[in-house]
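Before any comments, here is the structure.
The values are calculated or read from the model by the stated rules, or taken from the named source; none is laboratory data. Quick caveat: nothing in here was measured; it's all calculated off a predicted structure. Here the Cβ positions follow ideal geometry from the backbone for every residue, glycine too, while neighbour counts run over all protein chains shown.
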């Protein structure tokens, strides 16, 4: 952590400005290690002023800084909610941060509250509320509830004017890929790319399509998909991922 995290000037500055930082040497202070049930190091805990655990990261984790920033953000948003607990945009903003922190129950509760407060869609945020409710339920493994929430989005915005339909369709595709349902993912991603050519998710969908093709033993098709993506969207995160997949696929074809 000293070498790849705390030595980073941006991370150090953010931590010093937003947290009280304490380092515990578990060899010299075994009682504290026992109190917090430390089993492996490095073990990073984010606590509030009452020592309630807000987040925990074990080992060297790339998302350390993102977690720290999310905790800093949620403190500010929660303060705003205490002042105005019925503010719909703030409820949504807090739910997004809770999802990043893995606090899905808290995120869902805020979104349910927002939906109840805005039954007439006076804020124009109801589509987003139900889209994010679907995401929370999907991440929690409640697929039926996710689909029910997303069905409401489809009813409210059948022409996808607010852009949440392609968001949720891409989430479905990504879930299939995460679950290694590559046959289903390939079909879903091909359909997605036909329907939502201009979607902001299209580059990522093309990367995932290449991955699905590769695992479905369609190596040449995967290579073609990734090459097209790299050529048409150079420098994007999706293209960078495609470059890694392409190298692996080309090595495989050379060995055959």
Can you name the helices (runs of 4 or more DSSP H) wholly within segment 178-256 that have at least 3 residues being farther than 30 Å from residue 158 by Cα? 202-215, 219-232, 237-255
Is it the case that some residue within segment 152-167 is closer than 25 Å to residue 230 by Cα and not in a loop (DSSP other than H, G, I, E, B)? yes
Against the conditions (1) surrounded by fewer than 17 Cβ atoms within 10 Å (Cβ to Cβ); (2) over 14 Å from residue 173 (Cα atoms); (3) in contact with a helix residue (DSSP H, G or I) (Cβ under 7 Å, 6 or more places away or on another chain), where does residue 198 fall short? Just the number, please. (3)
Residue pairs meeting the criteria (Cβ under 6 Å; at least 6 apart or on separate chains; first outside the structural domain of residue 19 (by TED's automatic domain parsing), in segment 76-91; second surrounded by 12 or more Cβ atoms within 10 Å (Cβ to Cβ) and in a loop (DSSP other than H, G, I, E, B)): 88/118; 88/123; 88/125
Which number in (1) under 30 Å from residue 93 (Cβ atoms); (2) modelled with pLDDT of 70 or more; (3) surrounded by 10 or more Cβ atoms within 10 Å (Cβ to Cβ) marks the one condition that residue 56 misses? (2)
Could you check segment 27-41 and list, in sequence order, the residues that are more than 33 Å from the chain's Cα centre (by Cα), outside any loop (DSSP other than H, G, I, E, B) and under 21 Å from residue 52 (Cβ atoms)? 31
